[in-house]
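Asks: This is the structure I want to talk about, given as structure tokens.
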Amino acid sequence: MDEVRSILVIATRQIGDVLLTAPLIDAARRRWPAAAIDVLGFERTLGMLEGHAAVRERIEVPAGQGWRASMALLQRLWRRYDLALVTQHSDRAHLYGWCAARVRSGLVPARRSTSWWKRLLLRHAVTIDDDTTPTVLEKLALLQPWQADAGAVTVAPPPARALPADLESALATRFVVVHVPSMWSYKQWPLASFERLIAGLLAAGHQVVLSGSGSPTDQAQVAPMRRLGAPPRLLDASGRLDLRQMAALLARAALYVGPDTSITHLAAACGTPVVTMFGPTNPVRWGPWPQGASAAAYRRAQPRQTAGRIVLLQAAQDCIACGRAGCDDHHHSRSACLDALPVERVLDECLAVLAAGTPPAVAPSRTTPGTTPDTAPDTAPDTPSSAVATADSRRSAV
């Protein structure tokens with residue numbers, strides 16, 4: 001199958017997962033430079049691919065749309081493509097792929113009881129490995145029949161877009177972006193911990209910029225943080241920026257701090273120094289991708305790990321990275337491991353990065369390879385920070 005003129009990439013998941021599909025799209029373009037590449041995904045999730053030079057069309061479908069409502073789309077897709085790359089293991093994603101192309105490569109679950117019929121539909125099947133294979137490399141394995149090992153891999157952000165004028169004029173030369181919200185409760189570091197962290201950063205003299213979407217959930221999580229300060233020391237950009245503007249903001253930040261969420265992946269893609277707090281999620285698969293890596297950059301459980309410009313923190317608990325959706329295994333569950341991650345540890349890491357004074361990296365283009373990261377786990381002991389105590393003593397005054 002040397003001549004491929006059209007490719008459909010099916011990425012029916014959330015925003016962060018769409019971003020991690022970008023290296024697959026780039027690799028497909030390198031393999032078939034003349035091919036037209038379209039991407040199919042859920043509504044409001046494909047913004048991470050806006051401006052991607054290799055993507056001809058972004059096809060959006062409602063996440064909860066039934067098959068009856070999908071008939072028009074299925075008719076439009078019918079055998080339109082030479083190759084379908086199915087980057088999700090869901091029934092719907094595989095049926096889209098079967099409809100769209102005669103040749104299909106896709107991800108399938110390890111359990112044969114739920115994957116046997118999907119394997120029958122595929123020319124090439126990649127079995128999902130929930131423990132040892134990073135999601136980025138798993139997606140790239142869809143091209144194995146047609147392309148050799150990809151080597152160093154870069155996850156490039158969408159092209160930057162100009163910031164609103166008032167925000168641009170208020171930004172200091174060096175600033176910290178703090179992303180409080182998580183889409184699901186089980187990934188949420190406690191809001192009270194974020195309040196103490198932000199107060200500590202402000203007390204240490206750093207400008208803080210709050211990020212988040214305009215959704216009611218995100219705005220409710222950001223709201224308590226607004227009381228901690230006023231412009232220009234504390235700026236609220238939540239709900240004001242699209243993903244391309246967010247990329248522009250992150251590329252200039254001295255530091256980004258956030259939980260296991262899509263914007264954390266975007267910050268890593270922008271080359272920004274990152275401090276991130278992980279709980280139940282396995283960082284081997286879902287840790288922010290260090291630019292230019294070619295293999296797994298993280299261990300499943302280690303209190304402090306570094307990869308390139310990324311510091312990934314976990315609590316020191318036996319159950320860490322259980323892979324469940326929190327302690328009660330549902331999206332709105334709490335996660336004791338995130339509750340147990342001390343503010344002092346996170347603030348210490350932030351202040352250390354800021355004190356090092358490493359300048360923000362220029363965000364890579366979609367096709368520019370990154371540099372090889374330092375992937376050795378770092379087990380340096382934590383040092384209690386006086387900034388938390390200082391911030392706590394001043395909270396009534398801010």
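The values are calculated or read from the model by the stated rules, or taken from the named source; none is laboratory data. The structure presented is a predicted model; accordingly, all values stated were derived computationally and were not measured. Reconstructed Cβ throughout: ideal geometry from the backbone, glycine too, with neighbour counts over all protein chains shown.
Asks: Do we have residue 256 as at pLDDT 95 or above, among the aromatic types (Phe, Trp, Tyr) and either at positive phi or in a strand (DSSP E or B) (or both) here?
Replies: Working: at pLDDT 95 or above: yes; among the aromatic types (Phe, Trp, Tyr): yes; either at positive phi or in a strand (DSSP E or B) (or both): yes.
Taking the combined requirement at face value, the residue satisfies it.
Asks: When you go through (1) buried (at least 18 other Cβ atoms within 10 Å of the Cβ); (2) at pLDDT 55 or above; (3) within 23 Å of the chain's Cα centre (by Cα); (4) closer than 30 Å to residue 173 by Cα one by one for residue 363, which number turns out not to apply?
Replies: It is condition (2) that residue 363 fails.
Asks: Out of the residues in segment 200-211 meeting the condition of being outside any helix (DSSP H, G or I) and among the small types (Gly, Ala, Ser), tell me which one is surrounded by the fewest Cβ atoms within 10 Å (Cβ to Cβ).
Replies: Among those that are outside any helix (DSSP H, G or I) and among the small types (Gly, Ala, Ser), it is 205.
Asks: It is to be established whether one or more residues within segment 152-167 are part of a helix (DSSP H, G or I) and free of Cβ contacts under 8 Å to residues at least 24 places away in the same chain.
Replies: Here is the first cut: in segment 152-167, the residues part of a helix (DSSP H, G or I) are 165-167.
Checking the rest, the ones that are also free of Cβ contacts under 8 Å to residues at least 24 places away in the same chain come to 165-166.
Checking segment 152-167: at least one residue is part of a helix (DSSP H, G or I) and free of Cβ contacts under 8 Å to residues at least 24 places away in the same chain.
Asks: For residue 164, state whether it is touching a Cys at 6+ places or on another chain (Cβ under 9 Å) and within 30 Å of residue 231 (Cα to Cα).
Replies: Considered against the rule, which asks whether it is touching a Cys at 6+ places or on another chain (Cβ under 9 Å) and within 30 Å of residue 231 (Cα to Cα), residue 164 comes out as no.
Asks: In segment 272-292, which residues are buried (at least 24 other Cβ atoms within 10 Å of the Cβ), over 18 Å from residue 323 (Cα atoms) and small (Gly, Ala, Ser)?
Replies: Scanning segment 272-292 gives no hits.
Asks: So in segment 301-341, with the set limited to residues that are hydroxyl-bearing (Ser, Thr, Tyr) and over 28 Å from residue 153 (Cβ atoms), which one is surrounded by the most Cβ atoms within 10 Å (Cβ to Cβ)?
Replies: Taking the candidates together, the pick is 335.
Asks: Another question, then. Note down all Cβ pairs under 7 Å where the first residue falls in segment 107-121 and is surrounded by 14 or more Cβ atoms within 10 Å (Cβ to Cβ), the second is assigned to a helix (DSSP H, G or I) and small (Gly, Ala, Ser), and they're at least six residues apart or on different chains.
Replies: Correct list of pairs: 108/115; 109/115.
Asks: What is the residue count in segment 5-14 for residues that are touching a helix residue (DSSP H, G or I) at 6+ places or on another chain (Cβ under 8 Å) and at pLDDT 95 or above? Give the steps one after another, and end with the answer.
Replies: Filtering segment 5-14 down to residues touching a helix residue (DSSP H, G or I) at 6+ places or on another chain (Cβ under 8 Å) leaves 7-12, 14.
This time we only want the ones that are at pLDDT 95 or above, so: 7-11.
Summing the residues that are touching a helix residue (DSSP H, G or I) at 6+ places or on another chain (Cβ under 8 Å) and at pLDDT 95 or above in segment 5-14 gives 5.
Asks: Among (1) part of a loop (DSSP other than H, G, I, E, B); (2) touching a Phe, Trp or Tyr at 6+ places or on another chain (Cβ under 8 Å); (3) of a type outside the set (Ser, Thr, Tyr), which single condition is residue 240 missing?
Replies: (2)
Asks: Collect the residues in segment 62-103 that are among the β-branched types (Val, Ile, Thr) and within 24 Å of the chain's Cα centre (by Cα), keeping them in residue-number order.
Replies: 86, 87
Asks: Here's a follow-up. Given the conditions (1) more than 20 Å from the chain's Cα centre (by Cα); (2) surrounded by fewer than 19 Cβ atoms within 10 Å (Cβ to Cβ); (3) more than 25 Å from residue 252 (Cβ to Cβ), which single one is not true for residue 193?
Replies: (2)
Asks: Is it true that some residue in segment 127-135 is assigned to a loop (DSSP other than H, G, I, E, B), surrounded by fewer than 13 Cβ atoms within 10 Å (Cβ to Cβ), of a type in the set (S, T, N, Q) and in contact (Cβ under 8 Å) with a residue 60 or more places away in the chain? Working first, answer last.
Replies: First, the residues of segment 127-135 that are assigned to a loop (DSSP other than H, G, I, E, B): 128-134.
Narrowing further to those that are surrounded by fewer than 13 Cβ atoms within 10 Å (Cβ to Cβ): 130-132.
Now narrow it down to the ones that are of a type in the set (S, T, N, Q): 132.
Right, trim to in contact (Cβ under 8 Å) with a residue 60 or more places away in the chain and you get 132.
Yes, because at least one residue in segment 127-135 is assigned to a loop (DSSP other than H, G, I, E, B), surrounded by fewer than 13 Cβ atoms within 10 Å (Cβ to Cβ), of a type in the set (S, T, N, Q) and in contact (Cβ under 8 Å) with a residue 60 or more places away in the chain.
Asks: Suppose we filter 236, 260 for residues that are more than 13 Å from residue 350 (Cβ to Cβ), charged (D, E, K, R) and in contact with a Ser or Thr (Cβ under 6 Å, 6 or more places away or on another chain); which single one remains? Let's see the steps before the verdict.
Replies: On the way: 236 fails: in contact with a Ser or Thr (Cβ under 6 Å, 6 or more places away or on another chain).
Only one candidate qualifies: 260.
Asks: Can you work out which of the residues in segment 168-199 that are part of a loop (DSSP other than H, G, I, E, B) and aromatic (Phe, Trp, Tyr) is modelled with the lowest pLDDT? Working first, answer last.
Replies: Of segment 168-199, the ones part of a loop (DSSP other than H, G, I, E, B) are 171-174, 180-184, 188-190.
Then drop every residue that is not aromatic (Phe, Trp, Tyr), which leaves 184, 189.
Values: 184: 92, 189: 97.
Among those residues, the one meeting the criterion is 184.
Asks: Does residue 267 satisfy the condition of being modelled with pLDDT of 95 or more, surrounded by fewer than 24 Cβ atoms within 10 Å (Cβ to Cβ), part of a helix (DSSP H, G or I) and not assigned by TED's automatic domain parsing to the domain that holds residue 45? Talk me through it step by step, then tell me what you get.
Replies: Values: modelled with pLDDT of 95 or more: yes; surrounded by fewer than 24 Cβ atoms within 10 Å (Cβ to Cβ): no; part of a helix (DSSP H, G or I): yes; not assigned by TED's automatic domain parsing to the domain that holds residue 45: yes.
So residue 267 does not fit the description; no.
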